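Heads up, the thing below is written out as structure tokens.
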Amino acid sequence: MEVLQAKDGAKIHYLRLGKGSPIIFLHGWSASAKDWLPFASALADYHEVICWDARGHGGHPLNPETSTHVREMAADLQLLMQHHDLDNALLVGHSMGALTLWQYVQDFGCERLAGVCIIDQSPKLVTDGQWQNGIYGKFNQADNQRLIETLREDFAEGLLQLVANGYNRKSYENYNRNSRGFQQMREHLQTLDGEPLVQCWESLTAADYRDVLPLISAPALLIYGDESQFYSQAVAEYVRDRIPNAELHIYEKADHSPQLFHRERFIWELQKFARKIAQPD
């Protein structure tokens, strides 16, 4: 694993493999580079693939004064691309990774980007009277504050409740019967340093990228699950309709991580999209 030091001293750990046009995978909140390795390996024959552990993630020691704000993650991404002189990159962002991508576009534009892939994310997580396309379609500021308090009391349980209490009935049932899958997630989450992740969550839920979507000048591939715990199909259609050059794929019987439910399809469609943006009409 390679390491790059940001201006504030944070160390950014990442894996790099393969040769060819660059693809950078950006993982979700509380996840790590390891989530992307099966996909990176499949794409490395034709691409230089980079998977990082975003600051505050991956179990790496973190200076207590170091910010885990999504704005810093976007700056880290710019630093990484400058360090390796990456142009015409394809950014693939799942969940928090999509928010990082949108923050990057807001702060640095699309000059270095050949394309973007957004996986199951809303541009604004917290709902209000004029905005219902956030988490659950009804997750307001008071709901978020209660979640943050729960996360600070018991990070693992708070996150599992966030997963369980949404649209996906199977997740709700599995949480309540304490399925083996939820037990394994709980055991893993209990090993994480919760406070940097909570601070990160605070920055994610304060963000609003609705005005960023029309600024994405690069082609966009959108992948959403039809049984997402967090987002209705209206969210996917909202994002599609506001990015100038976007194609939307809804994965059947897939939750907030549709790439895991349809791994081969996702790899094939991402490869197809990468070829398309490398040889525009």
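Per-structure values
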read-out: Residue satisfying condition, being under 26 Å from ILE223 (Cβ atoms), more than 19 Å from the chain's Cα centre (by Cα) and not charged (D, E, K, R), within set LEU147, LEU151, LEU125; value: LEU147
read-out: Residue within the stretch 205-219 that is touching a residue at least 24 places away in the same chain (Cβ under 8 Å), crowded, with 16+ Cβ neighbours inside 10 Å and closer than 27 Å to ASP45 by Cα present; value: yes
read-out: Odd one out for LEU151 among (1) at pLDDT 95 or above; (2) under 20 Å from ALA31 (Cβ atoms); (3) in contact with a Ser or Thr (Cβ under 7 Å, 6 or more places away or on another chain); value: (3)
read-out: Residue within the stretch 145-152 that is assigned to a helix (DSSP H, G or I), crowded, with 19+ Cβ neighbours inside 10 Å, among the hydrophobic types (A, V, I, L, M, F, W, C) and in contact with a Cys (Cβ under 9 Å, 6 or more places away or on another chain) present; value: no
read-out: Leading residue by the ranking (nearest to ASN168 (Cα to Cα)) among those in the stretch 231-281 that are β-branched (Val, Ile, Thr) and in contact with a Ser or Thr (Cβ under 9 Å, 6 or more places away or on another chain); value: VAL235
read-out: Qualifying residue in the stretch 201-211 (condition: under 30 Å from ARG275 (Cα atoms) and not aromatic (Phe, Trp, Tyr)); value: yes
read-out: The stretch 139-153: number of residues that are among the charged types (D, E, K, R) and touching a residue at least 24 places away in the same chain (Cβ under 8 Å); value: 1
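The values are calculated or read from the model by the stated rules, or taken from the named source; none is laboratory data. Predicted model, so just to flag it, every value in this text is computed and none were measured. Neighbour counts run over all protein chains shown; Cβ positions are idealised from the backbone, glycine included.
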